[in-house]
Amino acid sequence: MAAIQAAFGDAVLTFMWVFVSSMFGLFTNLVVTALGLQTLVWAPLVITTFIVFTFVFLFNLIGEALGGASFNPTGTASFYAAGVGGDTLFSMALKFPAQAAGAVGGALAIMEVMPVQYKHMLGGPTLQVDLHTGGLAEGVLTFLMSFAVLVIILRGPRNPLLQTLFLAVATITLVVAGSAYTGPSMNPANVSIPFLLLNFIVIFFFLKICGVLMNLSNYARCSESCSNLSFLYLIV
């Protein structure tokens, strides 16, 4: 029963995250325009980082209120591989489909309510390269992101605000790095309705799962090597 409740919480949180995060581009555009920062190249990145920081912090609070719910299956698998948290194979078998259903629901919902003049901002991620190159690129980026999250959460500062700030900076850095391969993000809300399920299956299950498997196979060795490096403790 507890596993079913946890999966339901994940579905609700993932629905909310996909719905809100698909508007990050819109929020950034509105803030840049309102502040008159269109001529500054760095302004969108800084503002997007602040937006990601704000919403990740809020969603962490909501997730705790929902009993530790998560909207990121990659994070769930990574923490399980690292032996952190109370997830089991059974609970993850329930959580992953729940998160997928929540993501698709959030994607369809935002497409219904987004004003027509802003719908072009939902053009979203498409493979800029061939599938195998995209899979390799996403695998490397997913490994780096998962490793960064584990280091920040397990060995980083105990202050939740600093943790969230570091997570936001790492996220934006890797999103920009991967934009030439798979678009700005792997958010399923950013694809068109006719190709929603196809894009979700191809991009998420092929690219993301490849990255997760790469992360699971290498994290233990990397973590063991990094545990002896004193610089990791300088951010505490």
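The values are calculated or read from the model by the stated rules, or taken from the named source; none is laboratory data. In this text, all values refer to a predicted model and were calculated from it rather than measured experimentally. Cβ sites come from the backbone with ideal geometry, for glycine too, and all protein chains shown count toward neighbours. Ligands, DNA and RNA are excluded from the accessible area calculation, which covers all protein heavy atoms including side chains. Shrake-Rupley method; radii C 1.70, N 1.55, O 1.52, S 1.80 Å.
The chymotrypsin sites (Phe, Trp or Tyr not before Pro) of region 41-84 that meet both conditions, a loop assignment by DSSP and at most 10 other Cβ atoms within 10 Å of the site Cβ, are TRP42. Counting protein heavy atoms only, region 1-142 has 72 percent of its accessible area on carbon and sulfur, 1.4 angstrom probe. With the simple spin-label model, which puts each label point 7 Å out from Cα in the Cβ direction, the VAL169 to VAL46 separation comes to 1.4 nm.
Length gained on full extension, VAL84 to ALA65: 4.9 nm, using 0.36 nm per residue less the C-alpha separation. Taking each residue as 0.36 nm, the span from VAL116 to ARG155 lengthens on full extension beyond its C-alpha to C-alpha distance by 9.6 nm. Here the Karplus curve 6.51 cos²θ - 1.76 cosθ + 1.60, taken at θ = phi - 60°, turns the phi angles of region 33-38 into couplings of 5, 5, 8, x, 9, 4 Hz, with x standing for Gly and Pro.
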